[in-house]
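The values are calculated or read from the model by the stated rules, or taken from the named source; none is laboratory data. Because the structure is predicted, anything quoted here is derived from the model rather than measured. When we count neighbours, we look across all protein chains shown, and the Cβ atoms used for this are built from the backbone with ideal geometry, even at glycine. Accessible surface is based on the protein model in full, side chains and every heavy atom, while ligands, DNA and RNA are left aside. Shrake-Rupley method; radii C 1.70, N 1.55, O 1.52, S 1.80 Å.
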Amino acid sequence: MVATKGYSSYRGRGPKWKILLAILLVLVIAVAASVIYLQQFLVYGADGSRQIRLPWQTEEQAPPPDGEGEDPAEQPNVDIVVQEPEPQGPKETIAFSLPVQALTQTLWQGAQAAKPAGTNAVAVRLKTANGTVYFHAAAAVSGAVEAEADTAAALAAITAQEGLHTIASLSCLQDFKAANADVEGRGLKNTGGYIFYDGNNSLWLDPSKPSTREYVCALAKEVAELGFDELLLTDFGYPTEGKINKINYNTDVPLGNNLDLLLNDLNTALEPYDILLSVEVPEAVITEGPNAVSGLDLNRLVSRVDRIYAATTPEKVETLSTLVTQAAGPEGKTEFVPELAADSPTLTGSRLLLAE
């Protein structure tokens, strides 16, 4: 059969755009697959930037410190022992005494200008042997307080001074005013039932009586609340002058037991405060041993006070210090502090320079 003229079939090449479309599709699929694969290697920098870090680019990590990153159940039990610092004794202080009178800011300014060179502490008399109290003490008996209008401000200036160790000195059991104000409750009486007068016509408090201990502790707490670093008790013990055979000691136990009661009560009262408790004794109590008349016994005192004071001379200081240290024992922290009329360049350690 002869084909119709002019209408023969044509089989030429397909259009090029289809080939390009196929290639593009393959590339898109390849890129998408690559993105999905590389997401597992995507890391973020400290500044928030992103980057790809391939396995062969990762540096070998250092192992964690011992115990970190491990299963807690697999870690060994380790007992941690915290070493507590050993308690330190009182710091070395070289103190000068202020005149015995109510403190004022003018007096304190003058004392600072005239203080001996090298001193870093001050002793302030706040209660005398006749019972006068040189600060506004709420516990003081009627008529005992003799303070100036700015005494409180002057005491606050002293206790607030940086680097200054402050010592408040109180006459403890020799107290004319407090004993006379309550003979039955506080006063040391004679065998006739009346108040006892010593060889200097002075009156004393009886430490065996609870009211005496309450009174002394109340004053001590007020001193601590003023901010003093140390409380120094003078006239501590029973009287040793006058007709002591006429004293009604109001007890059948050794006199030292009653002094122990007072110191125990004072330590309890002062426990909430950061304050040292010190006692002044005659030199003979250190060198000669217990005094049955006064009730003072160095071996009993060192377990209850931080410092032992005694008036002495520079050449005796080393011996007295050694005796106090021996009485305190190897675990004791009680320190001897000499009271001196004048300082000596040969001395080291704490000391108190008495007012002229």
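A compact table of results
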item: Count of segment 252-273 residues which are part of a helix (DSSP H, G or I) and open to solvent by less than 70 Å² (accessible area, probe 1.4 Å); result: 14
item: Single residue of segment 181-218 satisfying the filter (free of Cβ contacts under 8 Å to residues at least 60 places away in the same chain and hydroxyl-bearing (Ser, Thr, Tyr)) that is least open to solvent (accessible area, probe 1.4 Å); result: 212
item: Any hit, segment 281-292, residues being open to solvent by less than 10 Å² (accessible area, probe 1.4 Å), without any contact (Cβ under 8 Å) to a residue 40 or more places away in the chain and not hydroxyl-bearing (Ser, Thr, Tyr); result: yes
item: Near pairs, Cβ below 7 angstrom, 6+ apart or cross-chain, from segment 135-149 (small (Gly, Ala, Ser)) to any residue that is assigned to a loop (DSSP other than H, G, I, E, B); result: 144/131; 144/132; 147/102; 147/134; 147/135; 147/136
item: Those residues of segment 323-355 which are open to solvent by 30 Å² or more (accessible area, probe 1.4 Å), touching a residue at least 12 places away in the same chain (Cβ under 8 Å) and more than 25 Å from the chain's Cα centre (by Cα), in sequence order; result: 323, 341, 343, 346, 354, 355
item: Meets criteria (over 23 Å from the mean Cα position of the chain (by Cα), under 19 Å from residue 98 (Cβ atoms), modelled with pLDDT of 95 or more and open to solvent by less than 10 Å² (accessible area, probe 1.4 Å)) for residue 151; result: yes
item: Selection within segment 240-251 - more than 16 Å from residue 172 (Cα to Cα) and open to solvent by 20 Å² or more (accessible area, probe 1.4 Å); result: 241, 242, 243, 244, 245, 246, 248, 249, 250, 251
item: Number of the exception - residue 232 against (1) assigned to a loop (DSSP other than H, G, I, E, B); (2) crowded, with 22+ Cβ neighbours inside 10 Å; result: (1)
